[in-house]
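All remarks here apply to the structure that follows.
Derivation of every value follows stated rules applied to the coordinates shown; laboratory data play no part. Remember, it's a predicted structure, so these values are computed and weren't measured experimentally. Every residue, glycine as well, gets a Cβ built from its backbone with ideal geometry; the counts of neighbours run over all protein chains shown.
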There are 4 protein chains.
Amino acid sequence: MIIILKENCEKPKLDELVGWLERQDVKITTVTGTSKTILGLLGDTSKIDMESVRARDIVESVRRVQEPYKKVNRKFHPTDTIVEVSGRKIGQGTFNVIAGPCSVESEEQITLVAQKVKESGATLLRGGAFKPRTSPYSFQGLRADGIELLLEARKLTGLPIVTEIMSLAHIDLFADVDVIQVGARNMQNFELLKELGHCGKPILLKRGLANTLEEFLMSAEYIAAGGNTDIILCERGIRTFETATRNTLDISAIPLLKQYSHLPVVVDPSHATGITSLVEPLSLAAIACGADGLIIEVHNDPKHALSDGAQSLTPEQFDSVMKSVKKHAAFMRKEMA
Amino acid sequence: MIIILKENCEKPKLDELVGWLERQDVKITTVTGTSKTILGLLGDTSKIDMESVRARDIVESVRRVQEPYKKVNRKFHPTDTIVEVSGRKIGQGTFNVIAGPCSVESEEQITLVAQKVKESGATLLRGGAFKPRTSPYSFQGLRADGIELLLEARKLTGLPIVTEIMSLAHIDLFADVDVIQVGARNMQNFELLKELGHCGKPILLKRGLANTLEEFLMSAEYIAAGGNTDIILCERGIRTFETATRNTLDISAIPLLKQYSHLPVVVDPSHATGITSLVEPLSLAAIACGADGLIIEVHNDPKHALSDGAQSLTPEQFDSVMKSVKKHAAFMRKEMA
Amino acid sequence: MIIILKENCEKPKLDELVGWLERQDVKITTVTGTSKTILGLLGDTSKIDMESVRARDIVESVRRVQEPYKKVNRKFHPTDTIVEVSGRKIGQGTFNVIAGPCSVESEEQITLVAQKVKESGATLLRGGAFKPRTSPYSFQGLRADGIELLLEARKLTGLPIVTEIMSLAHIDLFADVDVIQVGARNMQNFELLKELGHCGKPILLKRGLANTLEEFLMSAEYIAAGGNTDIILCERGIRTFETATRNTLDISAIPLLKQYSHLPVVVDPSHATGITSLVEPLSLAAIACGADGLIIEVHNDPKHALSDGAQSLTPEQFDSVMKSVKKHAAFMRKEMA
Amino acid sequence: MIIILKENCEKPKLDELVGWLERQDVKITTVTGTSKTILGLLGDTSKIDMESVRARDIVESVRRVQEPYKKVNRKFHPTDTIVEVSGRKIGQGTFNVIAGPCSVESEEQITLVAQKVKESGATLLRGGAFKPRTSPYSFQGLRADGIELLLEARKLTGLPIVTEIMSLAHIDLFADVDVIQVGARNMQNFELLKELGHCGKPILLKRGLANTLEEFLMSAEYIAAGGNTDIILCERGIRTFETATRNTLDISAIPLLKQYSHLPVVVDPSHATGITSLVEPLSLAAIACGADGLIIEVHNDPKHALSDGAQSLTPEQFDSVMKSVKKHAAFMRKEMA
């Protein structure tokens, strides 16, 4: 940690600060210039609260030198984490495609979509039972019934299922789910993250609309701190001034997250853009720069979908996208799981 | 609702769309140009899913003409809502200042701060018992004990208390709290909002870091839809590219929210900037453009605060800010509650 | 300047870097921890290129401790700059309102608006002769003729004139203009800024749509470096994800710019929001937090304006806004110039 | 164009608006609902100023149905434009890599880099003679001498040269340059764009840091409106809240620009991220989603570069990136020019 002091700071205040820091077991080196003084802190600074330092009126700015995340930090865990999901592997050389409808709507719908996406090569089935909708008047999901229908679709197809949790109150309903998804709007629902840290299931954690990569990894750290490191990171677009797409896919997040962390990274081109014609080009871009998988919305009848129809592919469109995806993954030496 | 169709769209697809719309009880007027066709929909379009419309390949774009929120919409409720909090009024000509520490840390601390802010003219006491922190290794709040301490501080000072809820699992602990705060990170925690819709208590709803005013009002609508319209909206800064301040206070939100909605609007200059020297100028700016109140962080010893020290005022600084605030509120003909 | 090195960096590379830095006349203090090494540089580091430092593979990050701007920095010039414009003073306790149409359209129009805004209390006249328009098919301004008409309006009313320059090629046409405006889109047109550094006229410099306050002050520094410190800074909104307003007025910029710099700061509520009903509340907010003036669009017939009609006030609306502005400025102890 | 009127608008004001619109030769269809009225305008609405419409107090909002750009619009020119640069083709199935240093620094430097990048497969040489720098105290480029050195490097290697113009005042110096670059900061320097519309040379137009795709295409339209359609669009990252990268590469811009326009699109991974390790993954992502080329910074000695060293590759790193780029371009059936 580096502390830059304001010009001509008063000696007693400086001594008080230095004393307070020393009591927290760090070694301090002082760099004194003509007008500025800098304190360099060495040792375990992770417990020193930056805000408390910044609060002193002699302090101009403070900066951490080491990343605040540890368990999800590649520096301390150089090897790629492989998340095992009911026998399938996610990460390190494998390539998985999670596909399915935005919302589970009926047995017929989810069964049909599950079979279709499996035929085209999807390796996991997604489907929303609990749906976070901007409007209280929109369809809110089939909830418990939706999870039942997903479990039936799994029985039929063998595809492990991924579905979103919106509240701790529902956690018992997720007992048989294969991967629990945390949506973008809940990325900083810290009470939820803590609980998922000891739920014993793989977590698909989506990046929040306005969260930095560091905040994203800190949310993963919340889960990991509870003992669960079976975490799949998902880049799904951030909010910017551009209105041509629903969000802006931050493609750089893929190679950066893989540099910073050992966790697998998947990309959601459907939510990132909200435009079906962009799903294929962005899927290929994601593969080309190192993603470990994709999550794609597919609906048997997008125009009658109860949510997110505009960004859903038909099974035929998905089949066509998968042909390109498989070729591209093979070219990048990724093995379709 | 207006639907703009792509050029030269096929007749059978157009007929299918028109038929589907008509079955949803709306009246359709078709505007046919040389290359484009536009459908104007009239009647109650609030149940028509825009995404389903957008999903059709003959549709270029869709736009709602009416706001998707109703219960919090000024058009349908032209009179200002006054939220009553234990005998005090918030909104319509009154001016309230909610002050207190970021986190409740000890009996001594909260008691001292409560007395000080009361002396300076604060009308409600804030204090965090459950704290949303980016890092799992940071202080997470005193939790249930924190609420106990707030209740004691209320007994001592008579100030109603405002404190943040982070999970439905804790709702019983909030039985005696005067105002329940929903933090920026939970603004779209829809399951929480639904429950607060029938909790029988006033809600202080903070705008999310990357949420539009429309999304903000839709979250208020979630609470109102459950029957609770005692909602105080709080602008607390949005995330932008500017790094000089922690967030960017969207000052225009104040007059706009008051145009769009009948709910009272307060401003949090502490979180909006993270810089103590900006609390006074931004407080005055908020008053000047119509805010109904402020929420300000005050800590007896910011440099030893367990959270957010850098943006907390000392009681002395707060007292000085309050002198200006009172004069300005009086000048704007707002009555200090 | 502080340089944080990567872990376990190689000795020869470190020696090369230290030698290169020493040849640039700075004193280096090395802070060596268990895993990280930090270099603290003291002396005049303004000529050291941060990018060159960052380019070395042993460097993790670099940070400047001192602001890169000097001539516009309050640290080196603690007293407020007063910009004198044809006898009027802008800054330090005065309050100026610059008003007029987006575009000069005809003699009749500019004369009428000039007289009206003068009667209401405006102290300078604005009007666009050269217009930066997004579309090549939109009205591009009356250009040289527009400047002639502004000069006539000045003769008639005595109001000094402010008008925008779009290209160095036109500079001779600005010989009799009182204040040259640099628009948001040209804030980083560095060749233009350099030339304005020795034009001998006050400059109204608008902040770019996506520029930080530091970049804004660096652009002012370009002008000041040429010898011209008669610079008026203008906050006019930044681009964010929010679409309810044309831009987001960064109200914090006002007190911050006044902390960082000695230059006067004015606010443009018309461009910041694009909504006439917000001009009054934002004007008052700007005054309340320390602005030295306002720039407001006024048009005799907004609905037939050739540009920006939607955000222009009528003379009657402007007169009403000015009544509030004058009271508020008086309350804040600002003297209407 | 669609005009949505406010509720219960007054008849005389509506008649005035309709009359004014009719005089501009458009056909109007009125859609009258219970509370709202909508006007649908058909015909050539490109000359109707949206702002003037919005300025009327009976208008709630206005929306264009047709894109405001024509000459660069794929709807009117379905075939891909191929820009010919001194015998080389850019666009439609070809793949070009423009490489070279941020700044031209010396004959030795530019000659060496030019030869190296040519050997590795670059097809054009880039190099800055006029440099837009945030600080007036940074190296501003060799200016006229820099262009001379580029011309010598071209003679030696045969590579056509691309270099940035910063002011119309320098245009004569660009007489022998192959491609004139317009930088991100000048994307809306409309006077410059107009002049380049009849300069008879291909233009590389970079997207502004905070400009939408529509604004980007409108700037291209400025050049095209002057008669010059030899325009290469360049996506180089936009400004967002994320600080891990210098900018955020908007990868979706590539397929969208190619849908909207017939112009070729290249990507600048160096400026988009400012991080050398991201140049290769983002280059491959750009190829995978349809880019027609890349522009990459290469410097013989990045750590002593006079500008942008941190994001420059060494010739050895560039050679390695080019091996992957060539394979990927071949896989995507793009022909290296």
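Compare the Cα positions of B:G290, B:T273, B:Q140 along the charge dipole of the stretch B:83-336 (+1 at Cβ of Lys, Arg; -1 at Cβ of Asp, Glu; about the Cα centre) and return the one farthest towards the positive end.
Ranked along the dipole, the leading option is B:G290.
So what's Rg/Rh here for the stretch C:2-63, counting alpha carbon atoms and using the Kirkwood radius for Rh? Intermediate values should be presented prior to the final figure.
Numbers: Rg = 10.7 Å, Rh = 11.6 Å.
Rg/Rh for the stretch C:2-63 comes to 0.92.
What gaps in nm, shortest first, separate A:S320 from its twins in the other copies when you place the label 7 Å past Cα toward the beta carbon?
Those separations, rounded to one decimal, come out as 3.9, 5.6, 6.8 nm.
Mean separation of Cα pairs under 8 Å and 6+ residues apart, divided by the residue count of the stretch B:129-202: what relative contact order is that in percent?
25
Under 8 Å for C-alpha pairs, at least 6 residues apart: give me the relative contact order for the stretch A:2-63, rounded to a whole percent.
Working: 81 pairs, mean separation 29.4, N = 62.
The normalised contact order for the stretch A:2-63 reaches 47 percent.
B:S61's amide H: which non-local residues (gap 5+, or another chain) put their own amide H closer than 5 Å, with H modeled 1.01 Å from N in plane and none for Pro or chain starts?
Hits under the 5 Å cutoff: B:I4.
Label-point separation (nm) for A:H304 and B:K327, each offset 7 Å from Cα along Cα-to-Cβ?
6.9
Can you list, shortest first and in nm, the gaps between the label point of B:E10 and those of its counterparts in the other copies, using a point 7 Å from Cα in the C-beta direction?
5.1, 6.4, 8.0
List the residues whose amide H sits under 5 Å from the amide H of A:L204, counting only those 5 or more places along or on another chain, with H placed 1.01 Å from N in the peptide plane.
A:I180, A:Q181, A:V182, A:I232
Roughly what would the spin-label model give for B:E60 and B:E152, points 7 Å off Cα along C-beta, in nm?
6.7
Provide A:V53, D:V182, A:V267 in ascending order of the number of other Cβ atoms located within 10 Å of each residue's Cβ, fewest first.
A:V53, D:V182, A:V267
Counting only residues 5 or more places away or on other chains, whose amide H sits under 5 Å from the amide H of B:V298 once H atoms are built in the peptide plane?
Placed amide hydrogens put B:G100, B:C102, B:L313 under 5 Å from B:V298.
Out of every Cα-Cα pair in the protein assembly as shown, what percent are more than 64 Å apart?
6
Rank the residues C:Y69, D:Y137, D:Y260, D:Y222 as a footprinting-exposure proxy: fewest other Cβ atoms within 10 Å of their Cβ go first.
Ascending number of Cβ neighbours within 10 Å: D:Y137, D:Y260, C:Y69, D:Y222.
Could you go through the stretch B:247-254 in sequence order and give the Karplus-derived ³J(HN,Hα) for each residue, using 6.51 cos²θ - 1.76 cosθ + 1.60 with θ = phi - 60°, rounded to whole Hz, and x for Gly and Pro?
9, 10, 5, 8, 5, 5, 4, 5
For chain C, modelled as a GNM with alpha-carbon contacts under 10 angstrom, which of C:Q259, C:Q188, C:Q92 fluctuates the most?
Judging by the Gaussian network model, the answer is C:Q259.
How large is the Rg to Rh ratio of the stretch A:284-337 when both quantities use alpha carbon positions and Rh follows Kirkwood?
Using only Cα positions, Rg/Rh for the stretch A:284-337 is 1.05.
Does anyone have the angle between helix C:107-120 and the longest principal axis of chain C? Alpha-carbon axes, 0 to 90°, nearest 10?
Rounded to the nearest ten degrees, it is 80.
For chain C, calculate the relative contact order in percent as a whole number, restricting contacts to Cα pairs under 8 Å that are 6 or more residues apart.
Once divided by the residue count of chain C, the mean separation gives 17 percent.
If I build a Gaussian network model for chain B, linking alpha-carbon pairs within less than 10 angstrom, which residue out of B:A224, B:A244, B:A122 has the largest mean-square fluctuation?
B:A244
Over chain D, what is the percentage of antiparallel beta bridges among all DSSP beta bridges, to the nearest 5?
So the antiparallel bridges amount to about 40 percent of the total.
Given q = 0.11, 0.24 Å⁻¹, what are the Debye log10 I(q)/I(0) values for the stretch B:138-246, with equal point scatterers placed on the Cα positions and solvent ignored?
Rounded to two decimals, the profile gives -0.38, -1.30.
Per residue of the protein assembly as shown, what 222 nm ellipticity follows from adding -39500 (n - 2.57) for every DSSP H run with n ≥ 4, rounded to the nearest 500?
-9500 deg cm²/dmol
Using only Cα atoms, figure out Rg for the stretch A:26-93 and give it as a multiple of 2.2 N^0.38 Å.
1.75
Rounding to the nearest 10 and keeping the result within 0 to 90°, find how far the Cα-based axis of helix C:315-331 lies from the longest principal axis of chain C.
Once rounded, one gets 50 degrees.
I'd like the orientation of helix A:144-157 relative to chain A: the angle between its Cα long axis and the longest Cα principal axis, in ° from 0 to 90, rounded to 10.
70
For the stretch A:54-65, take each phi angle, set θ = phi - 60°, evaluate the Karplus expression 6.51 cos²θ - 1.76 cosθ + 1.60, and give the result in whole Hz per residue in order, putting x for glycine and proline.
Once rounded to whole Hz, the list reads 4, 5, 6, 6, 8, 9, 8, 7, 9, 8, 7, 9.
Sort B:C289, B:C9 so that the residue with the fewest other Cβ atoms within 10 Å of its own Cβ comes first and the one with the most comes last.
Least to most surrounded, the residues fall as B:C9, B:C289.
Within 10 Å of each Cβ in A:286-294, how many Cβ atoms from other chains are there, averaged over the peptide? Mind showing how you got there, number by number?
Numbers: counts 4, 3, 14, 10, 4, 2, 0, 0, 0.
Mean shielding count: 4.
Mind giving me the nanometre distance, one decimal, between the label points for B:S106 and D:E335, set 7 Å out from Cα along Cα→Cβ?
Output for this residue pair reads 7.9 nm.
Inter-copy label distances at A:P78, 7 Å along the Cα→beta-carbon direction, one decimal in nm, shortest first?
Those label-point separations list as 5.5, 5.7, 7.3 nm.
I'd like the Kirkwood hydrodynamic radius of the stretch A:214-257, using the inverse of the mean 1/r over distinct C-alpha pairs, in Å.
The answer is 12.0 Å.
So if the hydrodynamic radius of chain C is defined as the Kirkwood radius over C-alpha pairs, what does Stokes-Einstein give as its diffusion coefficient at 20 °C and 1.002 mPa s, in µm² per second?
99
Using each residue's phi in the stretch C:276-281, evaluate 6.51 cos²θ - 1.76 cosθ + 1.60 at θ = phi - 60° and report the 3J(HN,Hα) Karplus result to the nearest Hz, with x for Gly and Pro.
Per residue, the Karplus-derived 3J(HN,Hα) values read 4, 5, 8, 4, 5, x Hz.
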